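The values are calculated or read from the model by the stated rules, or taken from the named source; none is laboratory data. Just so you know, these numbers come straight off a predicted model, no measurement behind them. Glycine gets a Cβ as well: all are built from the backbone with ideal geometry, and neighbour counts include every protein chain shown. Note: accessible area is taken over every heavy atom of the protein model, side chains too, but ligands, DNA and RNA are not part of it. Shrake-Rupley method; radii C 1.70, N 1.55, O 1.52, S 1.80 Å.
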Amino acid sequence: MEYSQFNDSLLSFLQASPTPFHATDSMRSALLAEGYVELIEDENWVIEEGGKYFVTRNESSLIAFTTPVLDVSQTGWRMIGAHTDSPCLKLKPNAHVNRFGYHQLGVEVYGGVLLHTWLDRDLSIAGRVTVKTAAGDIVSRLVDFKEPIAVVPNLAIHLNRKVNEGFSVNPQEEILPILCGADNEFELQQLLIAQLRQQHPDLPVAQVLDFELSLYDTQPAALVGLHKEYICSARLDNLLSCYVGLQALLSSNNERPSLLICTDHEEIGSLSACGANGPFLDDVLRRLSPNPEQFVQAIQRSMLVSADNAHALHPNYANRHDNNHAPAINKGAVIKVNANQRYATNSETASIYRDVAAQENYDVQTFVVRSDMGCGSTIGPITSGEIGVPTIDIGLPTFGMHSIRELAGSHDAFGLYKVLARFTKRDKLMTR
């Protein structure tokens, strides 16, 4: 895949994936189009040599893999990991709020949201709805209103004269989106039923039982800047890595046993049945290596590249970085290092990655958080701690992480795709 095609497809993926459910569905469609076979967790699996497979859990996490050989105890896996969730505003169960002549939605903050960036944006709603059909069956379907149907207006400066001296947003009182005036009729269940019937006309909806819905910004993802060198979009953290990892897997040509894992709930700690701190990956790998001896051998001959976003040096806030570890956008992916194991990188996994990147003539940068600041974490140390796989944490330099709209480098994304595609084909990792 060439640079322009890669980025055009990336923008389409971002636009089609307003929630983890939609991101997983987008990847599912791409895998099916490339001949991957979908496996169902509660059914018997038949895995064939030379096969390509994927499985989802909770419709929001996905594992895809290739099996050029069935016994991976001698080869190990070439793994790429990312996460499907992003900080956002989620609708509360009893979401309808009627205040002072407006129909509004009660929302709960998911993850570390930069709340003020959600003000004055054209918002829509998407997610999963579970219904009871006319026949009495309980089924779930995805919905996406797509149109801007909600907004959280800012307070005028005339009513808050000191706003530019310091600004905070109360998540209970000040972030509720407005849908319409109270003179208009509004009932959330009927709104959802109408949307389901529009998107799924063959589904005989009798009753909405529950939902998992999020607000999102309707402004499309775009290439921006004088020379279109930046990607500006919602949910770059971490759908950018999901897309890069997916394209790398699709380019692997089934040469080595390769695996992509994209899990939900990283932004809130990953502890769930479908999160990195849950059993999903271990469940899958043990079904593929049922012999305990071979399982351990395969893991120790494997390597995971945990791909998440990294903090680029912001020219307006340069003092927030260690001077010797200040990544720049479009200067290469970042190896993330932390002495306290908030990142899983070690000298060996970093060396392997550097060697693979050098073969693609792709620059590598390093990030270490300032010693007087706290450090975030990723799925890397969690996955490594759960199954024991050697791991490196990398990321693409990004501005505005956890904003409603983030910015990264288009050349960085394409370069990382090339490196990870080469990684999936690598024969020997280390010589012992």
Picking from GLY101, GLY112, which residue would you name as being in contact with a His (Cβ under 9 Å, 6 or more places away or on another chain), over 26 Å from GLY388 (Cα atoms) and either modelled with pLDDT under 95 or open to solvent by 10 Å² or more (accessible area, probe 1.4 Å) (or both)?
GLY112
Residue within region 210-217 that is farther than 30 Å from ALA408 by Cα, over 31 Å from the mean Cα position of the chain (by Cα) and not in a helix (DSSP H, G or I) present
no
Given the criterion open to solvent by less than 10 Å² (accessible area, probe 1.4 Å) and in contact with a strand residue (DSSP E or B) (Cβ under 6 Å, 6 or more places away or on another chain), identify the matching residue among LEU285, LEU304.
LEU304
Residues of region 1-38 classified as assigned to a helix (DSSP H, G or I) and open to solvent by 40 Å² or more (accessible area, probe 1.4 Å), total:
12
Of everything in region 346-397, what is open to solvent by 60 Å² or more (accessible area, probe 1.4 Å) and β-branched (Val, Ile, Thr)? Give them in sequence order.
none
Of the conditions (1) in contact (Cβ under 8 Å) with a residue 12 or more places away in the chain; (2) farther than 25 Å from GLN15 by Cα, GLU165 fails just one. Which one is it?
(1)
Any strands (runs of 3 or more DSSP E) falling wholly within region 45-91 and containing at least 3 residues that are open to solvent by 10 Å² or more (accessible area, probe 1.4 Å)
51-57
Tell me, please, whether a residue that is of a type in the set (A, V, I, L, M), over 24 Å from VAL143 (Cα atoms), part of a strand (DSSP E or B) and open to solvent by less than 20 Å² (accessible area, probe 1.4 Å) can be found in region 218-236.
yes
Kindly indicate which of LEU240, LEU246, LEU213, LEU259 is more than 28 Å from PRO148 (Cα to Cα), touching a Leu at 6+ places or on another chain (Cβ under 7 Å) and open to solvent by less than 10 Å² (accessible area, probe 1.4 Å).
LEU246
Of all residues in region 148-170 being surrounded by 13 or more Cβ atoms within 10 Å (Cβ to Cβ) and at pLDDT 95 or above, which is nearest to VAL109 (Cα to Cα)?
VAL152
I'd like to know if region 264-271 contains one or more residues that are outside any loop (DSSP other than H, G, I, E, B), open to solvent by less than 60 Å² (accessible area, probe 1.4 Å) and at pLDDT 95 or above.
yes
In this structure, does ASP412 turn out to be open to solvent by 60 Å² or more (accessible area, probe 1.4 Å), at pLDDT 95 or above and either of a type in the set (D, E, K, R) or under 20 Å from GLU267 (Cα atoms) (or both)?
no
Which residue is least open to solvent (accessible area, probe 1.4 Å), if the candidates are limited to region 124-147 and must be more than 18 Å from ALA95 (Cα to Cα) and not in a strand (DSSP E or B)?
GLY136
Tally the residues that are closer than 13 Å to VAL389 by Cβ and modelled with pLDDT of 90 or more, restricting the search to region 285-325.
13
Selection from region 75-120 of residues that are more than 20 Å from the chain's Cα centre (by Cα) and acidic (Asp, Glu):
ASP120
Does region 329-345 hold any residues that are hydrophobic (A, V, I, L, M, F, W, C), open to solvent by 40 Å² or more (accessible area, probe 1.4 Å) and in contact (Cβ under 8 Å) with a residue 24 or more places away in the chain, and which are they?
VAL337
Quick check on this structure: which one of ASN154, ASN184 is assigned to a loop (DSSP other than H, G, I, E, B) and without any contact (Cβ under 8 Å) to a residue 40 or more places away in the chain?
ASN154
